[in-house]
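Chemist: First, the structure itself, so that you have it in front of you.
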Amino acid sequence: LDVGTGRSAKINIYSNDSNTAKFDFSLKGSCKDQTNRDNGTADDTTSTTAVNTVNTVKKLDFVAYPNPFTENFRVRYENTDGDQSAQVIIVDVQGKTVYQQQHNLTEGINQIDINVDYLSYGIYYISFITGDKKTTKAVQKL
């Protein structure tokens with residue numbers, strides 16, 4: 001990759017591994033040979049600076065049911081990482097947070113009842129976050 005002296009390039013690499021969401025690799029300067037992927041430096045270059053930035057968000061899987069719902073729904077998650085906490089955030093289609101709550105999880109299957117009878121009819125996005133794992137799914141209130 002030759003970006004020229006004093007120029008930058010940013011490469012986004014998306015993995016086939018379902019646990020990895022994104023890897024950003026930024027190059028500054030002139031890189032005329034293959035990049036050493038182990039440590040983020042460039043080979044056979046002059047006046048080249050390579051910066052390796054990792055921005056990884058692991059995915060997790062949860063089920064929100066029933067979907068669609070009328071007054072409340074349940075989040076089901078199988079926790080294999082020991083006792084931990086999870087954050088549940090619900091936003092409307094305009095991006096406004098309408099529900100945010102921290103929940104304690106135990107090892108094994110966890111079920112969290114979410115009462116959102118105060119919400120208007122429509123589509124909402126529920127994010128389930130544990131540590132460095134996050135997944136967002138759509139739910140519909142009838």
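The values are calculated or read from the model by the stated rules, or taken from the named source; none is laboratory data. As the structure is a computational prediction, the values presented were derived from the model and not from experiment. In this analysis, Cβ positions are derived from the backbone assuming ideal geometry, glycine residues included, and neighbour counts consider all displayed protein chains. Note: areas computed on protein heavy atoms with side chains; ligands, DNA, RNA excluded. Shrake-Rupley method; radii C 1.70, N 1.55, O 1.52, S 1.80 Å.
Chemist: What number comes out for the charge environment of VAL93, summing +1 per Lys or Arg and -1 per Asp or Glu over other residues with Cβ under 15 Å away?
Modeler: Summing Lys/Arg as +1 and Asp/Glu as -1 gives +2.
Chemist: Going highest first, how would you order 123-129, 108-114, 83-89 by mean Cβ packing within 10 Å?
Modeler: Highest mean packing first, the order is 123-129, 83-89, 108-114.
Chemist: Determine how large the accessible area of LYS141 is when every protein chain is in place; take a 1.4 Å probe and give Å² rounded to the nearest 10.
Modeler: That residue has around 10 Å² of solvent-accessible surface.
Chemist: Determine the sum of side-chain charges near GLU78: Lys and Arg each +1, Asp and Glu each -1, restricted to other residues whose C-beta is under 11 angstrom from that of GLU78.
Modeler: Its environment carries a net charge of -2.
Chemist: Please report the net charge: other residues with Cβ closer than 10 Å to the Cβ of TYR65, K and R +1, D and E -1.
Modeler: Net of charged neighbours comes to +2.
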